[in-house]
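Only one structure is covered here, and it is reproduced in the block below.
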Amino acid sequence: MVSVIDSHIHIDTYCRSDREKILNSLEKYHITGLISVSNNLASLKKVISFSKKYSQVKACAGYHPEQELLTKSELKELTNYIKKHEKFIYGIGEVGLPFYIRKNNVDFNKKPYLELLEHFIVLAKELDKPLNLHAIYEDTKLVCDLLEKHNYHQAHFHWCKTDDTTLNIMKEKGYFISVTPDIFTKERTRQLVKNYPKELLMIETDGPWKYEHNKNKMTHPKILYDIIDKIAKIKEENKFKIGEQILENTKKLYKL
């Protein structure tokens with residue numbers, strides 16, 4: 001059995017009982033890594049504490065963009081904490097641009113969020129850490145522009161949704177994308193997998209997010225094996241080889 005790594009999970013936001021079920025079953029299901037993104041400083045501290053107990057948990061440090069902006073003092077505190085605890089941190093994320101909080105707000109000002117993202121790109125480059133990115137639809141191109149501006153290309157776009165032109169830019173730059181369980185219900189995701197190079201694919205749960213086909217069950221990373229099977233069928237390739245490729249991709253980007 002090929003082992004798997006969940007490239008984007010919010011392990012700290014599971015309820016305690018579900019989180020313990022996951023963490024205590026990692027070896028059983030050959031889950032060798034959880035790339036555990038954080039939403040803010042308190043979230044990061046939790047994730048790092050889990051990583052000290054469970055070696056499979058690999059902390060990422062960030063500030064989720066679908067919330068109010070940090071104050072200058074809060075950003076400084078978060079940045080200093082990241083630098084001080086760099087040895088426990090494998091990536092900068094979840095960071096990116098808001099989509100949902102501005103969806104019905106015609107007066108929304110995106111500029112400060114762009115500035116905040118740029119701060120995290122600069123920090124990622126300084127620390128030589130990959131970016132775990134939240135950017136969908138037209139925001140994906142904006143993020144690509146910022147990455148190009150800073151000549152930094154260790155980028156992972158989680159739950160990618162964008163246009164073909166931007167996808168071609170992402171392919172050229174070698175940006176990774178990760179596939180969620182919505183591959184089972186969304187033709188858009190299946191077409192994305194079909195057209196994106198297997199050398200740039202990863203898999204994720206984005207847990208504890210629940211999916212249409214499985215809303216009554218806790219999102220467990222063991223579902224990653226089903227995602228691999230589906231990717232293999234779409235790519236018309238051996239599922240073990242696809243699993244090995246995806247595992248190697250994730251190890252490469254996150255230096256595991």
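Evaluate the Debye formula for the chain with equal point scatterers sitting on the alpha carbons, no solvent, and hand back log10 of I(q)/I(0) at q = 0.13 Å⁻¹, in q order, two decimals.
After summing over all Cα pairs, the log10 values are -0.79.
With a/c under 1.5 counting as rounded, go ahead and sort the stretch 136-256 into rounded, prolate or oblate using the C-alpha gyration tensor (a ≥ b ≥ c being the square roots of the eigenvalues; past the cut-off, prolate if a/b is larger than b/c, else oblate).
The shape class here is prolate.
Which whole-Hz couplings ³J(HN,Hα) result when phi for each residue of the stretch 194-211 is put into the Karplus expression 6.51 cos²θ - 1.76 cosθ + 1.60, θ = phi - 60°, listed in order with x for Gly and Pro?
For the stretch 194-211, the Karplus-derived couplings read 4, 9, 9, x, 4, 5, 10, 9, 10, 10, 8, 9, 6, x, x, 3, 9, 10 Hz, x marking Gly and Pro.
Sorted by mean Cβ packing within 10 Å, highest first, what order do the peptides 126-136, 4-14 take?
Result, highest mean Cβ count within 10 Å first: 4-14, 126-136.
Mind checking which aspartates and glutamates have their C-alpha under 16 Å from Lys111, skipping anything on the same chain fewer than 8 residues away?
Partners found: Glu66, Glu68, Glu138, Asp139, Asp145.
For the chain, set up a Gaussian network in which alpha carbons nearer than 10 Å are linked by springs, and say which option among Phe50, Phe108, Phe120 fluctuates the most.
Among Phe50, Phe108, Phe120, the largest GNM mean-square fluctuation belongs to Phe108.
What are the ³J(HN,Hα) couplings of the stretch 21-36, residue after residue, when phi is run through the Karplus curve with 6.51, -1.76, 1.60 and θ = phi - 60°? Round to Hz, x for glycine and proline.
Going residue by residue, I get 4, 5, 5, 7, 10, 4, 5, 3, 9, 6, 9, 8, x, 10, 6, 9 Hz, with x marking Gly and Pro.
Can you return the lysines within cross-link range of Lys84? Criterion is Cα-Cα under 20 Å, with same-chain partners fewer than 8 residues away left out.
Result set, ordered by chain and number: Lys45, Lys46, Lys52, Lys53, Lys58, Lys72, Lys76, Lys125, Lys129, Lys255.
Return the sequence-ordered ³J(HN,Hα) values of the stretch 232-241 in whole Hz as given by the Karplus equation 6.51 cos²θ - 1.76 cosθ + 1.60 applied to θ = phi - 60°, using x for Gly and Pro.
For the stretch 232-241, the Karplus curve yields 4, 5, 5, 7, 6, 9, 4, 5, 6, 5 Hz.
In terms of Cα to Cα distance under 14 Å, which aspartates and glutamates are near enough to Lys241, apart from those fewer than 8 places away along the same chain?
Cα-Cα hits under 14 Å: Glu199, Asp229.
Every number in this text was worked out from the coordinates using simple rules, so none of it is lab data. Worth saying up front: this structure is predicted, and the values here are computed from it rather than measured. Note: ideal-geometry Cβ built from the backbone for every residue, glycine included; neighbour counts use all protein chains shown.
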